[in-house]
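Accompanying notes for the structure given below.
A short reminder: the numbers here are calculations on the coordinates, not readings from a lab. Bear in mind the structure is a predicted one, so any value in this text is a computation, not a measurement. Positions of Cβ are backbone-derived with ideal geometry, glycine not excepted, and every protein chain shown enters the neighbour counts.
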Amino acid sequence: MGSKHEPSLLRQKAYFEFLLDNRRAFLSENGVEPGKAAKDALVRKVKAQIKALNYRLRRIAEIEKKKSDMAKFREERKAAPRREKKQDGDKAGKNKKAPQEPKAKALKAEKSGT
């Protein structure tokens, strides 16, 4: 797996761009046309490595942006006033239901009583 540190990726990118420039210069000195130089195996390989590095750098930037956005969001949530819970005087009576006997017991009690 590649490095996740941005400075090292930037150094790698600079190195691969240097290699690409050297290879293109070498090919142009030997009289290779630009169209054929683009199809050169080493040129394609180095360009692919640069493309991969650009993707990694872009992904690192996205992750850093997401982290900073989340940090802002957390700070805003901390700074926002908290909602207070409602205080009701008679909570016990409102939400509780009267206990009910199971239906089977109620039916037996009615039959035995008559």
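Using DSSP to call loops (not H, G, I, E or B), can you name the trypsin sites (Lys or Arg not before Pro) in the range 1-35 whose Cβ has at most 12 other Cβ atoms within 10 angstrom? List each step's numbers first, then the result.
On the way: sites: K4, R11, K13, R23, R24; in loops: K4.
For trypsin sites (Lys or Arg not before Pro) across the range 1-35 that sit outside H, G, I, E and B with at most 12 neighbouring Cβ atoms in 10 Å, the list reads K4.
For F73, what charge total do you get from the other residues with a beta carbon under 12 Å from its beta carbon, if Lys and Arg give +1 and Asp and Glu give -1?
Numbers: positive: K66, K67, K72, R74, R77, K78; negative: D69, E75, E76.
Every neighbour counted, the sum reads +3.
Can you tell me how much longer the chain between E29 and A52 gets when fully stretched, taken as 0.36 nm per residue apart minus their C-alpha distance, in nm with one decimal? Don't skip to the answer; put the middle values down first.
Working: separation 23, 0.36 × 23 = 8.28 nm, distance 2.83 nm.
Here the segment from E29 to A52 would lengthen by 5.5 nm.
Note down the net charge around R58, summing +1 for each Lys or Arg and -1 for each Asp or Glu among other residues with Cβ under 14 Å from its Cβ. Mind dumping the intermediate values first?
On the way: positive: K4, K13, K51, R56, R59, K65, K66; negative: E6, E62, E64.
Summing Lys/Arg as +1 and Asp/Glu as -1 gives +4.
How charged is the neighbourhood of K39? Take every other residue with its Cβ under 13 Å from the Cβ of K39, and add Lys/Arg as +1 and Asp/Glu as -1.
Net local charge, K39 excluded: +4.
With the cut-off at 24 Å, tell me which of the pairs K4/K66; K45/K67; K4/K39 have Cα atoms farther apart than that. Spell out each step's value before the answer.
On the way: K4/K66 16 Å; K45/K67 33 Å; K4/K39 30 Å.
Violating the 24 Å limit, Cα to Cα: K45/K67; K4/K39.
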